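I have placed the structure first, in the form of structure tokens, so that the comments after it can refer back to it.
The values are calculated or read from the model by the stated rules, or taken from the named source; none is laboratory data. Just so you know, these numbers come straight off a predicted model, no measurement behind them. Glycine gets a Cβ as well: all are built from the backbone with ideal geometry, and neighbour counts include every protein chain shown. Heads up: the accessible areas ignore ligands, DNA and RNA and are worked out on the full protein's heavy atoms, side chains in. Shrake-Rupley method; radii C 1.70, N 1.55, O 1.52, S 1.80 Å.
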Amino acid sequence: MIRKLQERRAAIKARLEALNAATDATATTEARSFTEVESTEFDAGLAEIRQIDARIAELQAAEVREAAASAHHVAITTPEERATASVTVTHEPNPVYRKGDASTSFFKDTAALMLNRNDIAGTIGEARARLVASQETRAGDLTTVAGAGGQFAPPLWLVDEFVPLARPARVTADLFVSRELPRGVASVNLPKVSGGAAVAVQALQNTAVQDTAMTTSSVSAGITTIAGKQIVSLQLLQQSGIPFDEVILSDLALAYAGQLDVQAISGTGASGQLRGLLNGAGVGTTTFTSAAPAVTSATAANSFYNKLIAAINAVYVGRYLPPTAIVMHPQRWNWVLEGLDSQTRPLIVPNGPAFNGVGTDNGPTAQGATGTLLGLPVFVDPNVPTTNNTNQDIVFVLRKEDCYLWESPLQSTSFDATYADQASILFRVLGYSALITDRFGPSVNAITGTGLLTPAL
């Protein structure tokens, strides 16, 4: 095959040289150049020569590998011997470049490829083949290993494409009615009618009608401060290859968003915390107790679907308005997606109708709106606790329009005072917020219990 390729190459080369010679012979009299047809033929010939050279190099490299393989002998007779066998090298193939052999030169071959890449008169194919055949690492060769040449091949740091820390967003907090927190206040207070007036049927004309006075109270929330800081050396800021202050402040901002969301769900209302969904006054609960929980089940106690209906009903009868959202951890939604009917058909089919579906799925969603159950939009939030009673998560059914969040703009600042003597800068993010999730206690219902043990997905 190599011989045939070399013959073909020689024929093409001769034709191209003839074209060149014809042009040179008339150059002094006609200043003749290639015609369009000759130019096309010449370019095609060059391209084919390059292809032939590459193929010859591949074949010659394969011959070298076969020769090397034939020089190794492995005697293995049983599976046990194959498992522990070692290869014995009987002799090494002749090196391509040998000391004292003037017929071959590594440097000449390298120069042929670098300087005469398009020179049809050269022996580029042979040079390439010798270089390929010689590319085996021997003891003592220089490599990228430290101490053996590696210091001259430094690693590349793409600092402008750094990998930020993955953090959950503020899914639940963003569901609430948002208000800007006014300056100059220490708390937010909402007057509330706790006991209403009454009416009654007038038994007789000209008799007194029902007279029941309303009673009032208030719902209040203190101002919570969520903040974080980072002290950074001036050297790092000034010598970094990118604006490192942006890296710090963006990460602090993401941390702030995640912490605000945690507070919106689980804040206790004590020790400066917000009062989240779990701890609002009058918030309802639905207990899901089951040793064999399922998305749907003929046994009502084992059916998550039935408990959702119970929680929705609790909002209906307590608030007299429907809930507008279901919030759960992503692992709980994926457990729901695993649900099958008695014919092993999925109860929820992504991006399409199901035969006997209990909801819909919007497609893969790590956090945010993901689908529907019982006609209500489902939101998955990684900040929903999964350690309730050690290993249980919680599902919330709520009327999100009844939950109010007041929030100040996030302040991102830096300070060098008091740190100048150590050449440091302090970066800080800080925000104020107030939250009322219990304007109407029954607007929120939390499903809890052993039926929500961490699912095995």
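In segment 272-290, is there at least one residue being in a helix (DSSP H, G or I), free of Cβ contacts under 8 Å to residues at least 40 places away in the same chain, surrounded by fewer than 17 Cβ atoms within 10 Å (Cβ to Cβ) and more than 32 Å from the chain's Cα centre (by Cα)? Looking through segment 272-290, none of the residues is in a helix (DSSP H, G or I), free of Cβ contacts under 8 Å to residues at least 40 places away in the same chain, surrounded by fewer than 17 Cβ atoms within 10 Å (Cβ to Cβ) and more than 32 Å from the chain's Cα centre (by Cα). Scanning segment 373-390 for residues that are open to solvent by 40 Å² or more (accessible area, probe 1.4 Å) and closer than 24 Å to Pro168 by Cβ turns up Pro377, Pro382, Thr386, Thr387, Asn388, Asn389, Thr390. Taking segment 258-271 as the range and being among the hydroxyl-bearing types (Ser, Thr, Tyr) and open to solvent by 60 Å² or more (accessible area, probe 1.4 Å) as the test, the residues that pass are Thr268, Ser271.
All of Ile326, Ile348 fail the test of being closer than 30 Å to Gly222 by Cα and under 29 Å from the mean Cα position of the chain (by Cα), apart from Ile326. Of the residues making up segment 332-349, those that are assigned to a helix (DSSP H, G or I), touching a residue at least 40 places away in the same chain (Cβ under 8 Å) and either surrounded by 16 or more Cβ atoms within 10 Å (Cβ to Cβ) or not polar (S, T, N, Q) (or both) are Arg332, Trp333, Trp335, Val336. When you scan segment 165-174, do you find a residue that is outside any helix (DSSP H, G or I), of a type in the set (Lys, Arg), more than 30 Å from Ala18 (Cβ to Cβ) and modelled with pLDDT of 65 or more, even just one? So far as segment 165-174 goes, yes, one or more of its residues are outside any helix (DSSP H, G or I), of a type in the set (Lys, Arg), more than 30 Å from Ala18 (Cβ to Cβ) and modelled with pLDDT of 65 or more.
Pairs linking a residue in segment 41-55 that is touching a residue at least 40 places away in the same chain (Cβ under 8 Å) and surrounded by 15 or more Cβ atoms within 10 Å (Cβ to Cβ) to a residue that is among the acidic types (Asp, Glu) and in a helix (DSSP H, G or I), with Cβ atoms under 9 Å and 6 or more positions apart or on different chains, are Asp53/Glu126. Across segment 265-280, a minimum of one residue is classified as on the phi > 0 side of the Ramachandran plot and in contact with a helix residue (DSSP H, G or I) (Cβ under 7 Å, 6 or more places away or on another chain). Scan segment 389-413 for residues that are in a loop (DSSP other than H, G, I, E, B) and aliphatic (A, V, I, L, M) and jot them down. If the condition is that a residue be in a loop (DSSP other than H, G, I, E, B) and aliphatic (A, V, I, L, M), then Ile394, Leu410 are the ones that fit. When segment 175-191 is filtered for residues that are assigned to a loop (DSSP other than H, G, I, E, B) and surrounded by 12 or more Cβ atoms within 10 Å (Cβ to Cβ), the ones remaining, listed by number, are Phe176, Leu181, Val185. Of all residues in segment 210-269, those satisfying the criterion of being part of a helix (DSSP H, G or I) and within 30 Å of Ser194 (Cα to Cα) are Leu260, Asp261, Val262, Gln263, Ala264, Ile265, Ser266.
Restricting attention to segment 1-24 and to residues that are in a helix (DSSP H, G or I) and open to solvent by 80 Å² or more (accessible area, probe 1.4 Å), the residue that is farthest from Glu48 (Cα to Cα) turns out to be Asp24. With respect to (1) crowded, with 18+ Cβ neighbours inside 10 Å; (2) free of Cβ contacts under 8 Å to residues at least 12 places away in the same chain, the lone exception for Leu398 is condition (2).
Just one of (1) among the aromatic types (Phe, Trp, Tyr); (2) in contact (Cβ under 8 Å) with a residue 12 or more places away in the chain; (3) open to solvent by 70 Å² or more (accessible area, probe 1.4 Å); (4) under 28 Å from Thr437 (Cα atoms) fails for Phe355. It is (4). Of all the criteria given as (1) over 30 Å from Arg183 (Cα atoms); (2) in contact (Cβ under 8 Å) with a residue 12 or more places away in the chain; (3) within 34 Å of the chain's Cα centre (by Cα); (4) part of a helix (DSSP H, G or I), the one not satisfied by Ala314 is (3). Residues that are charged (D, E, K, R) and either farther than 30 Å from Ala270 by Cβ or open to solvent by less than 70 Å² (accessible area, probe 1.4 Å) (or both) within segment 206-252 comprise Asp211, Asp245, Glu246, Asp251, listed in sequence order.
From the list Thr365, Thr386, Thr370, the one residue that fits, being part of a strand (DSSP E or B) and not basic (Lys, Arg), is Thr370.
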